[in-house]
Amino acid sequence: MTFDQLLYNDSVLDGLDAMNFRECTPIQEKAIPIALEGHDLLAVAQTGTGKTAAYLLPVIDLLADGGYPDDAVNCIVMAPTRELAMQIDQQMQGFAYFMPVTSTAIYGGTDGKTFDKQKQGLVKGADVVIATPGRLTAHLNMGYVDLSEVSFFILDEADRMLDMGFFDDIMQIYSALPEDCQTLMFSATMPPKIKKLAAKILKNPKEVKIAVSKPADNIDQSVYFVNEARKTDLLAHVFSEIPPKRVIVFSSSKQKIKELTREMRKRKFNVAEMHSDLDQDVREQTMLDFKANRIDVLMATDIVARGIDIDDISLVVNFDVPRDAEDYVHRIGRTARAANSGAATTFVSGRDRQSFARIEELIEMTVPRRPLPENMSEPEPEKEDSDRKNDRRSRSRARNGRSNSRPRRSDKPVSQKTAGNLSKKNDSDATAKKKTYKPRTARKKPVNKPDDDQQ
């Protein structure tokens, strides 16, 4: 289905044409009509399916029809991170390029000048405010933000916001909205906490679910089982086979990303790091350089695993297995976006085999295995599972004439001298139990004498 079959405002369609948006994705095709009809919506779809356009386009189309105040906030879009808020704002400006619809992004990690600019956007009334929960509540608590005219309340990556502990902030913002505000909630997963939040803020919602917790079919997935100590060599080998371009390497550890970036630079690869320890200006410049192809490989924590739209990612490498199985879907969802194809490979050490098995259970498929290069050993001989460790300990004890378990104190042999002492002690204890004690007389309260320095 094409957008001109769903949207009717020529200015909106002109903006889409300028951005080369032609065909609707499944989530857009199902969500846009529901939003245009004024229903609350709970939409669940995997990352990379076009959720941002699914909620921005109907709002822009409705704002273009008029009837909304010019000096008030008409729509609030909530996002979990500043990077995602900035990205949504950029897409908003592209969609509304030919329209007099204003937007502003509200997020933390800025200086006082930017804070004042955000305040002016809220006070004067931007049509669409894209905000992180913490920073918007900070402005709200100062008393100058009026949300009584808001017509649309949108939560993007709602599951991620709850994971980050923003439930109370979301409810505080929601309580400041008018009762007739239309609410649209978009999430990549549907855990119980999302259902709980939906029950609190959605009114008779329509539901849309698209391939929940499943990677896109056009991602070529693979896995290497490799010794932990050889992962860096394996990454260099992968890059040597196909020179890296538009690649993201994920790790859950900031320290690992820092070390890996230094090592890959020594090996003459054009890489940059992305994690929360970097200043906001550095992070923004790194993303711009990566999008402009001035950087070939982005070494990143999960800070860019959710909601960041970067075109034409050719390969995603999971340097380690993500802690949460669903994070695997988000990570590899950075590639093969908007019907493009892409590849994703995961390095699994011996200690992470069970975690990767849970991922395969979640996505309901066995990821194809790739053979290691000949000069790399099989994974984790130094990592033993608990059964092997117990067997080894048992054999060691058997050689030393000991049983598998330590003897209890009562089982140890007792010498004659010790036995005699124990007998005397037991007799003494029995006599003590028969003894009758008189109540102790009250002691006289001591007289406090002044200290030497008080005399």
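The values are calculated or read from the model by the stated rules, or taken from the named source; none is laboratory data. Keep in mind that what you see is a predicted model, and the values were worked out from it rather than measured. Positions of Cβ are backbone-derived with ideal geometry, glycine not excepted, and every protein chain shown enters the neighbour counts. The accessibility values were calculated without ligands, DNA or RNA, using every heavy atom of the protein model including side chains. Shrake-Rupley method; radii C 1.70, N 1.55, O 1.52, S 1.80 Å.
Results, tabulated for the structure shown:
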| quantity | calculated |
| --- | --- |
| Subset of the stretch 245-262 [open to solvent by less than 60 Å² (accessible area, probe 1.4 Å) and either in a helix (DSSP H, G or I) or farther than 16 Å from residue 332 by Cβ (or both)] | 253, 257, 258, 260, 261 |
| Residues (open to solvent by less than 80 Å² (accessible area, probe 1.4 Å) and within 18 Å of residue 370 (Cα to Cα)) located in the stretch 338-354 | 342, 343, 344, 345, 346, 347, 348, 349, 350, 352 |
| Some residue of the stretch 24-34 being more than 22 Å from residue 329 (Cα to Cα), small (Gly, Ala, Ser), in contact (Cβ under 8 Å) with a residue 24 or more places away in the chain and in contact with a strand residue (DSSP E or B) (Cβ under 7 Å, 6 or more places away or on another chain) | no |
| The listed residue being under 15 Å from residue 153 (Cβ atoms) and either at pLDDT 90 or above or part of a helix (DSSP H, G or I) (or both), out of 105, 138, 72 | 72 |
| Residue count for the stretch 147-186, restricted to those that are open to solvent by 10 Å² or more (accessible area, probe 1.4 Å), within 18 Å of residue 51 (Cβ to Cβ) and assigned to a helix (DSSP H, G or I) | 3 |
| Residue within the stretch 285-299 that is of a type in the set (D, E, K, R), at pLDDT 90 or above, in contact with a Ser or Thr (Cβ under 7 Å, 6 or more places away or on another chain) and not in a helix (DSSP H, G or I) present | no |
| Leading residue by the ranking (farthest from the chain's Cα centre (by Cα)) among those in the stretch 28-69 that are in a loop (DSSP other than H, G, I, E, B) and more than 18 Å from residue 150 (Cβ to Cβ) | 37 |
| Single match in 143, 108, 134, 112 (criterion: open to solvent by 10 Å² or more (accessible area, probe 1.4 Å) and closer than 16 Å to residue 88 by Cα) | 108 |
| Residues of the stretch 300-324 satisfying the condition of being at pLDDT below 85, closer than 23 Å to residue 353 by Cα and not in a loop (DSSP other than H, G, I, E, B) | 302 |
